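Here is the structure we will look at.
The values are calculated or read from the model by the stated rules, or taken from the named source; none is laboratory data. These numbers were taken from a predicted model, which means no experiment stands behind them. Please note: Cβ atoms are built from the backbone with ideal geometry, for glycine as well, and neighbour counts cover all protein chains shown.
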Amino acid sequence: MYESSVIEISRTALVNNLRFLKLRTGSGVKFCSVVKGNAYGHGLTEYISLAMECNQHYFGVYSADEAYKIVEYFEKPPEIYIMGMVDNSAVEWAVRNRIECCIFDMQRLELAVKYAKKHKTKAKIHIELETGMHRTGFEKKDIEKIAAWIKKHIKYIELVGVCTHFAGAESMANNFRIIKQIENFNHQLLHISEMGLNPAYKHAACSAAFINYPETIGNMVRIGIMQYGYWPNEETFIRFNGQKERNSKYLKRLITWKSKVMSVKFVQKGEFIGYGTSYLAHRNMKIAVVPVGYAHGYSRNLSNNGHVLVKGIKVKVVGIVNMNAISIDVTNIDDIEKGEEVVLIGTQKNKSVSVVSFSELSNQMNYEMLTRLPKDIPRVIVE
Ligand SMILES: *Cc1c(COP(=O)(O)O)cnc(C)c1O
């Protein structure tokens with residue numbers, strides 16, 4: 001209550017993006033909606049509720065705590081896949097709650113089976129293979145041993161998937177490495193099936209791979225950033241869009257981050273505005289203060305640099321971004337009063353401030369900018 005800004009999440013935009021993405025994956029391909037990082041800043045439970053209304057029922061998180069929040073929040077939780085961290089202490093909980101877990105070490109596999117036995121169920125697992133990212137994943141030399149172990153304990157294991165992750169499918173600069181990963185993955189999949197294991201899903205594609213290497217789609221994709229309306233990077237958009245109109249709209253951004261003018265005042269030419277001497281009024285100016293600052297994720301790098309929208313007009317941030325406030329130059333805007341809507345990210349009357357421009361100015365990539373939006377700013381679903 002009484003927060004100084006809100007983040008609106010557009011249902012229409014999500015419907016549009018899911019339609020675009022699912023058309024391209026094709027039918028019969030399982031769509032894992034990746035919601036780690038507080039659903040890329042969109043609000044974990046808020047986003048999942050909306051996505052479930054849009055007929056999406058399978059979600060990928062990074063760690064067990066995120067899965068736990070989902071299970072606690074929803075009366076009927078969706079299917080959940082933990083792609084990364086499940087501490088030993090969380091394995092029992094995950095198995096008992098039929099949460100899918102990515103497995104890349106023997107200890108976690110043994111624990112999963114131990115608890116599946118205890119609870120008379122099957123542990124739902126995905127086996128991650130090392131194909132060249134060198135982060136997590138079973139090494140090729142261990143695959144036979146692992147496969148034999150799984151076969152031996154198959155009564156307590158549901159082998160949902162076999163997967164890998166690419167080390168930068170968004171950049172052509174990594175092409176050589178990605179192609180090798182794809183080959184390695186296919187080769188190892190073959191090996192696994194020769195050993196008599198039949199995972200329901202074989203998956204490797206994130207957003208960038210899905211666009212740049214459609215052969216990696218297989219029968220499941222794990223899509224994060226694109227469902228929220230952003231391309232993994234500019235290069236991926238250009239590769240996809242080719243020579244066509246620069247502003248072709250396939251994806252729509254879900255987020256609008258809004259606040260309100262808190263105070264308006266006039267400043268004489270020759271006076272400094274805000275802390276220190278970073279901004280000198282070069283004319284008589286009208287300045288509005290907006291109660292959002294770096295404590296709310298509005299980067300300090302946007303000092304004298306960022307833009308916001310007021311009455312459909314793009315105006316500049318003047319002076320240093322404070323912990324809880326920014327000053328903006330509204331000299332040329334008539335009739336501006338306390339309470340006037342200010343858009344920090346998003347669209348207002350055909351003008352927009354994109355996360356990309358925001359991120360570039362603040363030296364962050366859009367993934368980082370989005371996930372840094374503080375959890376305590378309310379997320380509100382709008383049409
Ligand atoms: C984050 C993540 C994804 C989704 O990546 P996007 O680029 O946002 O589509 C897919 N798979 C794994 C393992 C991830 O960690």
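Filter the range 257-282 down to residues that are β-branched (Val, Ile, Thr) and assigned to a loop (DSSP other than H, G, I, E, B) and give me whichever is nearest to Glu46 (Cα to Cα).
The residue in question is Val261.
For the range 265-294, name all the residues that are in contact (Cβ under 8 Å) with a residue 12 or more places away in the chain and loosely packed, with under 13 Cβ neighbours inside 10 Å.
Those that are in contact (Cβ under 8 Å) with a residue 12 or more places away in the chain and loosely packed, with under 13 Cβ neighbours inside 10 Å: Lys265, Phe266, Gln268, Lys269, Tyr275, Gly276, His282, Arg283, Asn284.
Would you point out the residue of the range 206-240, among those that are aromatic (Phe, Trp, Tyr) and within 22 Å of Tyr62 (Cβ to Cβ), that is surrounded by the most Cβ atoms within 10 Å (Cβ to Cβ)?
Top of the filtered list is Tyr228.
With the requirement that a residue be touching a strand residue (DSSP E or B) at 6+ places or on another chain (Cβ under 9 Å) and touching a residue at least 60 places away in the same chain (Cβ under 8 Å), what does the range 215-235 give you?
Of everything in the range 215-235, those that are touching a strand residue (DSSP E or B) at 6+ places or on another chain (Cβ under 9 Å) and touching a residue at least 60 places away in the same chain (Cβ under 8 Å) turn out to be Ile217, Gly218, Asn219, Met220, Val221, Arg222, Ile223, Gly224, Ile225, Gln227, Tyr228, Gly229.
Taking the condition of being hydroxyl-bearing (Ser, Thr, Tyr) and either within 18 Å of the chain's Cα centre (by Cα) or in a strand (DSSP E or B) (or both), how many residues in the range 52-80 meet it?
3
Here is a list: Glu72, Glu110, Glu92. Which entry is closer than 30 Å to Arg253 by Cβ and among the charged types (D, E, K, R)?
On inspection, the qualifying residue turns out to be Glu72.
What do you reckon, is Arg135 basic (Lys, Arg) and within 16 Å of the ligand (Cβ to nearest atom)?
Yes; evaluated as a whole, the condition is true for this residue.
For the range 283-374, which fully contained strands (runs of 3 or more DSSP E) count at least 2 residues that are under 28 Å from the mean Cα position of the chain (by Cα) and farther than 20 Å from Gly43 by Cα?
Output list reads 307-310, 313-318, 341-348, 351-353.
Going by the conditions given, is Ser207 outside the structural domain of Ile154 (by TED's automatic domain parsing), polar (S, T, N, Q) and modelled with pLDDT of 95 or more?
Judged against the criteria, Ser207 is not a match.
Quick one: count up the residues across the range 201-256 that are of a type in the set (Ser, Thr, Tyr), over 28 Å from Ser352 (Cβ atoms) and either part of a loop (DSSP other than H, G, I, E, B) or touching a helix residue (DSSP H, G or I) at 6+ places or on another chain (Cβ under 7 Å) (or both).
Of the residues in the range 201-256, 2 are of a type in the set (Ser, Thr, Tyr), over 28 Å from Ser352 (Cβ atoms) and either part of a loop (DSSP other than H, G, I, E, B) or touching a helix residue (DSSP H, G or I) at 6+ places or on another chain (Cβ under 7 Å) (or both).
What are the residues in the range 47-65 that are away from the ligand (no atom under 16 Å from the Cβ) and closer than 15 Å to Thr12 by Cα, if any?
Ser49, Leu50, Met52, Glu53, Cys54, Asn55, listed by residue number.
State whether one or more residues within the range 153-166 are without any contact (Cβ under 8 Å) to a residue 40 or more places away in the chain, assigned by TED's automatic domain parsing to the domain that holds Leu111 and under 24 Å from Arg135 (Cα atoms).
no
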